[in-house]
Amino acid sequence: MDHQTSKYVPSNPVVRWVEDRLPLINFVKPTLIDYPTPRNLNYWWTFGAILTFMLATQIVTGILLAMHYTPNAAMAFDSVEFIKRDVNGGRLIQAIHETGASFFFLAVYMHISRGLYYGSYKAPREILWILGVIIYLLMMATAFMGYVLPWGQMSFWAAAVITNIFGAIPVIGDPILQLLRGGFSVDNPTLNRFFALHYLLPFIIAAVVALHIWALHVPGNNNPIGVEVKDKTRDTVAFHPYYTMKDLYATVLFCIPFAWFAFFAPDMFGHADNYIQANPLVTPSQIVPEWYFLPFYAILRAIDFNFILDSKLLGVIAFGGSILILFFLPWLDTSKVRSGTYRPAFKWFYWVFIANFLLLMWYGAQEPATPVIGPFTVADTSKLSVVYYFAYFLVILPLLGRYEKPRPLPSSISESVLKAPKAANTTTPAMPAAH
């Protein structure tokens, strides 16, 4: 099963002739079929395959939609309606693409949360983690630009609000803002830029995904106990058929709710105002981004006070820092133990972090004046959630690594999977005496 030395020689002469000149099978076989994979991976590890499927789905449906979409401020809204009503299969393609964005982010959040719990960012997988964060940033940029393309009220005003964030950056803010918008306001040049980038970025994401998989194959997969492979024969199994079938099964399960929403509730994730054509003279009562941006929008909005710097700039710093801090996570977590399974104190802080992230998502969807507890509003309590978000990375993880006492780890992967059976009871119970 050593993928470095395996050499496949096809029996078919035509295939052998091609393989001698372009060794595709000898590349695929050791990296995707015979690749030694830890035998204890659970279903949390199937989200990588699910994300690959979702990326392919978004690219294919996006290309089909681009054939009929018109990136012009006067016609964009009508062209989306044309796709839904008059293009053969257009409503389904548009629904799969729109719903797919939400399910894509759902899968990536599950994938990231698994990495955070099992320590998949720790050495020697730092580059793997950093590439994953880059993919996440590219996904956010792609999704935001795609959200603008229908040119509805929420699309237009979300573009105005989010691009205006860059204007708060000193010195270079205004040039960046004008470069993004193609002028001094959100208009036709903005739509053209966003359409071009929205079409291009998924292919860049696919390229970085290839690097991500390459970086995965250098140290190998992490696993639920966080112990490196010691004996390939006992600790690993071939990727195919064991994990290909497992990934396929999980992908099919994931597609069931995805298909339900695409077929029966394609507009559930959309905002009602986005079904009204963009009007720069009418501001919606509440401007909110898509659900997968809400936690970061809540962080941006929570900073409404001046502290040395202007509140707007502080909000931008907190907004950008909440994502950029993920790049430094491999060095912020000082624990020598990878898996959260063996870190009793870490588990509590981790689950509070997950709950806090979901709470930030709820905050982002509410008006700042919405009451939460007694006299305290969303504007007040969201600040506490922002503090915990940053404290988790900057304070809690570094200190836990120093003071937490982890549970003892298994000596190997095979030991945790192939547990030794209990010793057989060799004592025969006494038989009652016959009467």
- Task: Using only Cα atoms, figure out Rg for segment 1-114 and give it as a multiple of 2.2 N^0.38 Å.
- Result: 1.59
- Answer with a single label: of (i) 21.6; (ii) 29.1; (iii) 34.3, which was calculated as mean projected area of the Cα convex hull in nm² from the structure in view? (iii)
- Task: Report, in degrees rounded to the nearest 10, the 0 to 90 angle that the Cα long axis of helix 344-365 makes with the longest principal axis of the chain.
- Result: 20 degrees
- Message: Residue by residue through segment 294-305, what is 3J(HN,Hα) from phi via Karplus (6.51 cos²θ - 1.76 cosθ + 1.60, θ = phi - 60°)? Round to whole Hz and write x for glycine and proline.
- Response: 4, x, 6, 5, 5, 5, 4, 6, 5, 8, 10, 10
- Item | On Cα atoms only, tilt of 188-217 relative to the major axis of the chain in degrees | 10 degrees
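Would you mind finding the longest exposed-site-free stretch of the chain, with exposed trypsin sites (Lys or Arg not before Pro) meaning DSSP loop and at most 13 other Cβ atoms within 10 Å?
The reported range is 8-229.
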- Query: In terms of modelled amide H atoms, which long-range or inter-chain residues lie less than 5 Å from the amide H of SER335?
  - Reply: GLY401
- Message: With θ taken as phi - 60° and the coefficients 6.51, -1.76 and 1.60, list the Karplus ³J(HN,Hα) couplings across segment 29-43 in order, rounded to whole Hz; mark glycine and proline as x.
- Response: 4, x, 9, 10, 10, 8, 3, x, 10, x, 7, 9, 5, 9, 6
- Query: Hey, what did the chain get for relative contact order, percent, Cα under 8 Å, at least 6 apart?
  - Reply: 21 percent
- Query: Which whole-Hz couplings ³J(HN,Hα) result when phi for each residue of segment 276-289 is put into the Karplus expression 6.51 cos²θ - 1.76 cosθ + 1.60, θ = phi - 60°, listed in order with x for Gly and Pro?
  - Reply: 10, 4, 4, 9, x, 9, 10, 8, x, 4, 9, 9, 10, x
- Query: Hey, which lysines would be in cross-link range of LYS419, C-alpha to C-alpha under 20 Å, not counting anything within fewer than 8 residues on its own chain?
  - Reply: LYS230, LYS232
- Cut-off under 5 Å, modelled amide H: who pairs with VAL372 long-range: THR377, VAL378
- Listing MET110, MET75, MET145 by rising number of other beta-carbon atoms within 10 angstrom, fewest first, gives MET75, MET110, MET145
- Query: Could you give the angle, 0 to 90 degrees to the nearest 10, between helix 76-86's Cα long axis and the longest principal axis of the Cα atoms of the chain?
  - Reply: 60 degrees
- Task: Using only alpha carbon pairs under 8 Å that are at least six residues apart, calculate the relative contact order of segment 288-406 and give it in whole percent.
- Result: 38 percent
- Message: For segment 288-406, compute Rg over Rh where Rg is the Cα radius of gyration and Rh is the Kirkwood radius from the inverse mean 1/r over Cα pairs.
- Response: 1.01
- Item | Charge dipole (debye, nearest 20) of segment 32-281; +1 at Cβ of Lys and Arg, -1 at Cβ of Asp and Glu | 560 debye
- Task: Based on other C-beta atoms within 10 Å, arrange LEU418, LEU116 from fewest to most.
- Result: LEU418, LEU116
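Note down the net charge around GLN366, summing +1 for each Lys or Arg and -1 for each Asp or Glu among other residues with Cβ under 15 Å from its Cβ.
Value of the local net charge: -1.
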- Item | For segment 32-281, the Rg and Dmax computed from alpha carbons only, in angstrom | 20.7, 68
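Since every read-out is calculated from the coordinates, none of them should be taken as a lab result. Only a predicted model underlies this, so the values are computations on that prediction, with no experimental measurement involved. In this analysis, Cβ positions are derived from the backbone assuming ideal geometry, glycine residues included, and neighbour counts consider all displayed protein chains.
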